[in-house]
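Structure record follows, encoded as structure tokens.
Please treat every number below as a calculation from the coordinates, not as lab data. Bear in mind that the values here come from a model prediction, so they are computed numbers and not experimental data. Backbone-built Cβ (ideal geometry, glycine too); neighbour counts: all protein chains shown.
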Amino acid sequence: MKPLAMVLAAALAAGACGDTTYRFDGTTVGEDDGTDRTLRSKTSSQFVRGLYADLVGRAPERYDFEVRSNGAPAFVLPIDEEAYLVNTLDGMGDPAPIRALVVKGLVESAEVDLPIKSAVGDPAGFIRDQFRRLLGREPNAYELGAFVAAWKADPAVGPKAIVRALAGSREYQAK
């Protein structure tokens, strides 16, 4: 089994059992001039393909997973990362919780190259970079202040938590 598929499966299973949840204060999303805009969620396929591109740097893959018994192939299971995830998301009445688990699984995978917290010399710079990369914009003063404060106050808030919060946001899912 490919490492990412194993990580995704493990993350989905582990996420269903409970996990630490970080809450960030809400903020109004709108245009720079203060006018509101209506966010429309991406389709499941757009979300999965965009998330893979943004976090892993590649498109979801198709491959065969071979199960062997006593050194001989027992059976082959075709894996289609996009189809499995899209079908799961589309099968939910509200796919938002599953989307959050997909984000978590990808962020925790070995394919995503994020620095450890202690290697980030400028947390505000890292946060700005992630806003630009994932949301295509600069954080406003409130957002930057809240993320930096959480980074400094909580040892568990680091690069992975920042990327999970942004990629799991309604704004990312509508971008």
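Close amide H pairs (under 5 Å, H built 1.01 Å from N) link I79 with Y63, D64, F65, residues at least 5 positions away or on another chain. What's the center-to-center distance, using Cα atoms, between the range 37-95 and the range 100-175 in Å? The two parts, judged by their Cα centres, are 23 Å apart. The phi-based Karplus calculation (6.51 cos²θ - 1.76 cosθ + 1.60; θ = phi - 60°) puts the 3J(HN,Hα) values of the range 113-126 at 9, 10, x, 6, 4, 5, 7, 8, x, 10, x, 4, x, 4 Hz, whole numbers, x for Gly and Pro.
Calculate I(q)/I(0) for the range 114-175 by the Debye formula, one identical point scatterer on each C-alpha and no solvent, and give its log10 at q = 0.13, 0.18 Å⁻¹ to two decimals. Per q value, in the given order, log10 I(q)/I(0) is -0.29, -0.57. In terms of surrounding Cβ atoms within a 10 Å radius of their Cβ, V67, V107 rank from fewest to most as V67, V107.
Neighbour counting of Cβ atoms within 10 Å sorts the residues E81, E171, E66, fewest neighbours leading, into E66, E171, E81. Mean projected area of the convex hull spanned by the Cα atoms of the range 35-84, taken over all viewing directions: 5.0 nm². So the label point goes 7 Å from the Cα of Q46 along Cα→C-beta, right? Which residues of the range 76-102 then have their backbone N under 20 Å from it? Zone members listed by number: 82-102.
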